[in-house]
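A.B. asks: Here it is, the structure in full.
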Amino acid sequence: MIKAVVFDVDDTLYDQKAPFVAALAPIVQLPSSFDLTPTFQAYRRQSAQAYARVTSGSWSTTEMAVRRLNAALHAQDLPPVTPEAALAFQEAYVRELQHIKLFPGLAAALDRLKERYQLGIITNGHTDHQLAKVMRLKMHQWIDRDAILTSEEAGLAKPDPQIFTTMNRRLNLRASESVYVGDCYSMDVKAAKQAGWQAFWFNHRNLEIPDGDWIPDQTVENPAELQDLLLALTTLTKASF
C-alpha cells in the first residue's frame, strides 16, 4: 500500500526548459523555430557530473559553467561559447529560475494528496539552491522541511538508489510504501525502482526508455495526465498501484 508520494523538482514540478531557453537566447543566436530540446536534455545530463566535480574541487564554478554549457551545445553541433558568455548564461538562467511556477494542475492534485499521503521531495543539487526553488513554487504548503532531501545534505546523489533508502528512514516507511514521481528515466525511474520504490515517469519530453530493465509503474506525457494520475491515487479505497 502506498503511504508516501515523493517528487523530483527540476522539470517535474515546473518547466525547466523555458528558463533555459530564455537564458540562452541572447547568448546563442538561433532562429525562433530552432528546437533546443536536445541541448536542454544534454545540459541536464551534465548535472550530476558537474555537481560531483565542483564538490570534489576538481572544477571551479566557472569551469563547470563553461564545460557544462559547451557540452550541451555540442549535442546539437552548435559552436562553443567563451567563458564570459557561459557565465552570462549562468547568471541569466539563475534570474529566470526566480519566476518558475508549478505545472498546471499540480496545486489541485497536491491539495488532495496531502489529505491522504505523506509528501516529500528528493532532489539533486546544493541545498540552498534547491530550497529556493521549492519556496518559489510554494511547495511548503504541502511538504514539511524534514521531508525534503537534497543530495548535498544526504551525501548521495541520484541515480544512487541509497538516497531513496535515506528518505525511507526519514519518513519511517518501507520502500514498498513509497512512490517517486520524476521526469528523468535514469535518475528518477531506474534509481527509484532499484531502491524498491514504485516509480511514475512524467515523460513530458517524449523520451524513449534507453533500456528495458526497469519499467515505470505508470507513465504520463503531459501535465493534465499527471494531474489525473495523482488524483486517481486519492480516489482509491486502497492505494495499490
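A.B. asks: What do you reckon, is ASN172 over 21 Å from ARG116 (Cβ atoms), surrounded by fewer than 19 Cβ atoms within 10 Å (Cβ to Cβ) and of a type in the set (S, T, N, Q)?
C.D. replies: No.
A.B. asks: Being modelled with pLDDT of 95 or more and outside the structural domain of THR39 (by the TED database) narrows it down to one of LEU113, LEU78, LEU73, so name that one.
C.D. replies: Just a single option satisfies the conditions, and that option is LEU113.
A.B. asks: Sticking with this one: Listed residues ASP35, ASP8, ASP15; which is touching a residue at least 40 places away in the same chain (Cβ under 8 Å) and open to solvent by 40 Å² or more (accessible area, probe 1.4 Å)? Steps first, please.
C.D. replies: Details: ASP35 fails: touching a residue at least 40 places away in the same chain (Cβ under 8 Å); ASP8 fails: open to solvent by 40 Å² or more (accessible area, probe 1.4 Å).
Of ASP35, ASP8, ASP15, the one residue that is touching a residue at least 40 places away in the same chain (Cβ under 8 Å) and open to solvent by 40 Å² or more (accessible area, probe 1.4 Å) is ASP15.
A.B. asks: Residues of the range 103-131 being closer than 25 Å to ALA154 by Cα and open to solvent by 30 Å² or more (accessible area, probe 1.4 Å), which ones?
C.D. replies: Hits for the range 103-131 are LYS114, GLN118, ASN124, HIS126, ASP128, HIS129, LEU131.
A.B. asks: Select from the range 191-213 the residues that are under 26 Å from ARG174 (Cβ atoms) and surrounded by fewer than 16 Cβ atoms within 10 Å (Cβ to Cβ) and list them in ascending order.
C.D. replies: Selection gives GLY196, ASP213.
A.B. asks: While we're looking at this one, here's another question. (1) more than 21 Å from the chain's Cα centre (by Cα); (2) more than 24 Å from LEU156 (Cα to Cα): which one isn't true of HIS99, the others all being true?
C.D. replies: (1)
A.B. asks: Could you please give the count of residues in the range 216-241 that are open to solvent by 20 Å² or more (accessible area, probe 1.4 Å), at pLDDT 95 or above and over 21 Å from MET167 (Cβ atoms)?
C.D. replies: 10
Yes or no, residue by residue, for (1) within 17 Å of the chain's Cα centre (by Cα); (2) assigned to a helix (DSSP H, G or I); (3) within 21 Å of ALA42 (Cα to Cα):
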site: SER176; (1), (2), (3): no, yes, no
site: LYS190; (1), (2), (3): yes, yes, yes
site: LYS193; (1), (2), (3): yes, yes, no
site: ALA199; (1), (2), (3): yes, no, no
site: ASN206; (1), (2), (3): yes, no, yes
site: PRO210; (1), (2), (3): no, no, yes
site: PRO216; (1), (2), (3): yes, no, no
site: THR219; (1), (2), (3): yes, no, no
site: LEU226; (1), (2), (3): yes, yes, no
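A.B. asks: Now, a different point. How many of the residues making up the range 145-169 are open to solvent by 40 Å² or more (accessible area, probe 1.4 Å) and either among the small types (Gly, Ala, Ser) or under 21 Å from GLN227 (Cα atoms) (or both)? Show your work before the answer.
C.D. replies: In the first step, residues of the range 145-169 are kept if they are open to solvent by 40 Å² or more (accessible area, probe 1.4 Å); the result is 145-146, 152-153, 155-156, 159-160, 162, 165, 169.
Next, from what is left, pick out any that are either among the small types (Gly, Ala, Ser) or under 21 Å from GLN227 (Cα atoms) (or both): 155.
So the count comes out to 1.
A.B. asks: Does SER33 qualify as being touching an Asp or Glu at 6+ places or on another chain (Cβ under 9 Å) and either over 24 Å from ALA132 (Cα atoms) or modelled with pLDDT under 95 (or both)?
C.D. replies: So SER33 fails the test.
A.B. asks: Which residues, counting only those in the range 164-207, are of a type in the set (A, V, I, L, M, F, W, C) and modelled with pLDDT under 95?
C.D. replies: CYS184, MET187, LEU207
A.B. asks: When the range 139-173 is examined, which residues are found to be in a loop (DSSP other than H, G, I, E, B) and without any contact (Cβ under 8 Å) to a residue 12 or more places away in the chain?
C.D. replies: ASP144, GLY155, LEU156, ASN172
A.B. asks: Go through the range 109-138 and give me each residue that's assigned to a helix (DSSP H, G or I), within 28 Å of ALA50 (Cα to Cα) and basic (Lys, Arg).
C.D. replies: LYS133, ARG136 - these are the residues of the range 109-138 that are assigned to a helix (DSSP H, G or I), within 28 Å of ALA50 (Cα to Cα) and basic (Lys, Arg).
A.B. asks: In addition: Within the range 175-186, is there a residue that is among the aliphatic types (A, V, I, L, M), touching a Ser or Thr at 6+ places or on another chain (Cβ under 7 Å), surrounded by 15 or more Cβ atoms within 10 Å (Cβ to Cβ) and in contact (Cβ under 8 Å) with a residue 60 or more places away in the chain?
C.D. replies: Yes, there is a match, as at least one residue in the range 175-186 is among the aliphatic types (A, V, I, L, M), touching a Ser or Thr at 6+ places or on another chain (Cβ under 7 Å), surrounded by 15 or more Cβ atoms within 10 Å (Cβ to Cβ) and in contact (Cβ under 8 Å) with a residue 60 or more places away in the chain.
A.B. asks: Cβ contacts < 8 Å: first residue free of Cβ contacts under 8 Å to residues at least 12 places away in the same chain, restricted to the range 60-86; second residue of a type in the set (S, T, N, Q), any location; separation 6+ or different chain. Result?
C.D. replies: Close Cβ pairs satisfying both conditions: PRO80/ASN70.
The values are calculated or read from the model by the stated rules, or taken from the named source; none is laboratory data. Predicted model, so just to flag it, every value in this text is computed and none were measured. All Cβ positions, glycine included, derive from the backbone under ideal geometry; neighbour counts span all protein chains shown. Surface areas here come from the heavy atoms of the whole protein model, side chains and all, with no ligands, DNA or RNA. Shrake-Rupley method; radii C 1.70, N 1.55, O 1.52, S 1.80 Å.
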